[in-house]
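Worksheet: the structure to be examined is printed underneath.
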Amino acid sequence: MLSSRDFGAGKTYDLYALRMASEVQYRILKSQEGFDTTRVHTDAAMMSKFAICFAATVLRHAIMTACQNRTLDINEMIQKMDRITLLLLENRNYRFIRDMSVKARDLFEEFSMNMDSFDEIARDYTRRKTETINSPVHKLPEAGKIQKRKRGRQLGSKNKATLAREAAIAEAKARGEYVEKPKHKKGRPLGSKDSKPRKLRSDTGVKRGPRKNKS
């Protein structure tokens, strides 16, 4: 290792180690954030892509700082956050799938967010998709104004198995592979047996009490 001045071995190494911050940042930009190539052909498009790159870097730094406060691994948490889902229902409304890991909930507490915050995000996204006039500013409700959710599944909501089945059907329809199953007629199919065995009835039936004489 060479230096233009004789700083000594320790200081020369410390100065050289300062480049690691920029090297690590370039590695993250290329391998994790997908900015290893611009894939654009004009100066304006390149500057736009670098602006997105800068915003993504600031966002990742905020997530990294929150992970350090909670002693969490940032790469693992970004993968968990990527699994957070808003499901589009048949009525064109978006619903937040409340299937979030404990670590992800712990991380979002650093940003004053909880499960109810994502319910509000889903409702706001539905409004943006259905209403003609929308504000460019989107704010989360204050923590005190979020209505506390009652225990149990909300009235009219669907369970996880139903939501997963509807999501699979929607994906199959998008690929053109969905085949609708024939609908069954009402009632039990002919020749089928009861799911539970019936209780045997006696020949005499229900015992009656003594008959009363008519006056």
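The values are calculated or read from the model by the stated rules, or taken from the named source; none is laboratory data. Owing to the predicted nature of the structure, the values given are computational and were not obtained by experimental measurement. Here Cβ is always computed from backbone atoms with ideal geometry, including for glycine, and neighbour counts include all displayed protein chains. Accessible surface areas use protein heavy atoms only, side chains included; no ligands, DNA or RNA. Shrake-Rupley method; radii C 1.70, N 1.55, O 1.52, S 1.80 Å.
Answer yes or no as to whether G34 is surrounded by 10 or more Cβ atoms within 10 Å (Cβ to Cβ) and modelled with pLDDT of 85 or more.
no
Residues L140, L107, L87: which one is surrounded by 15 or more Cβ atoms within 10 Å (Cβ to Cβ) and modelled with pLDDT of 90 or more?
Exactly one residue qualifies, and that residue is L107.
Is at least one residue of the range 155-174 open to solvent by 100 Å² or more (accessible area, probe 1.4 Å), outside any helix (DSSP H, G or I) and either under 30 Å from R60 (Cα atoms) or modelled with pLDDT of 75 or more (or both)?
Checked the range 155-174: no residue is open to solvent by 100 Å² or more (accessible area, probe 1.4 Å), outside any helix (DSSP H, G or I) and either under 30 Å from R60 (Cα atoms) or modelled with pLDDT of 75 or more (or both).
Can you name the condition, by its number, that F7 falls short on among (1) surrounded by 10 or more Cβ atoms within 10 Å (Cβ to Cβ); (2) part of a helix (DSSP H, G or I)?
Going through the list (1) surrounded by 10 or more Cβ atoms within 10 Å (Cβ to Cβ); (2) part of a helix (DSSP H, G or I), F7 breaks only (2).
Which residues, counting only those in the range 113-132, are open to solvent by less than 80 Å² (accessible area, probe 1.4 Å), farther than 13 Å from I84 by Cα and either in contact with a helix residue (DSSP H, G or I) (Cβ under 7 Å, 6 or more places away or on another chain) or acidic (D, E) (or both)?
D116, E120, D124
Quick check, is T130 more than 18 Å from the chain's Cα centre (by Cα), β-branched (V, I, T) and within 28 Å of A170 (Cα to Cα)?
Against the criterion (more than 18 Å from the chain's Cα centre (by Cα), β-branched (V, I, T) and within 28 Å of A170 (Cα to Cα)), T130 qualifies.
Out of A45, A51, which single residue is out of contact with any strand residue (DSSP E or B) (no Cβ under 6 Å at 6 or more places or on another chain), surrounded by fewer than 11 Cβ atoms within 10 Å (Cβ to Cβ) and at pLDDT 90 or above?
Going through A45, A51 in turn, the sole match is A51.
Please indicate, with yes or no, whether at least one residue in the range 35-56 is in contact (Cβ under 8 Å) with a residue 24 or more places away in the chain, more than 19 Å from S117 (Cα to Cα) and in contact with a helix residue (DSSP H, G or I) (Cβ under 6 Å, 6 or more places away or on another chain).
No, the range 35-56 contains no residue that is in contact (Cβ under 8 Å) with a residue 24 or more places away in the chain, more than 19 Å from S117 (Cα to Cα) and in contact with a helix residue (DSSP H, G or I) (Cβ under 6 Å, 6 or more places away or on another chain).
Report every pair of residues separated by at least 6 positions or lying on different chains whose Cβ atoms are under 8 Å apart, first residue within the range 75-93 and closer than 20 Å to T57 by Cα, second open to solvent by 70 Å² or more (accessible area, probe 1.4 Å) and among the basic types (K, R).
Hits for this filter: E76/K103; M77/K103; K80/K103.
Looking at (1) farther than 30 Å from A168 by Cβ; (2) within 23 Å of the chain's Cα centre (by Cα), which one does F35 not meet, given that it meets all the others?
(2) is the only condition that F35 fails.
What helices (runs of 4 or more DSSP H) lie completely within the range 39-142 and have 2 or more residues being polar (S, T, N, Q)?
Hits in the range 39-142: 43-69, 74-82, 115-130.
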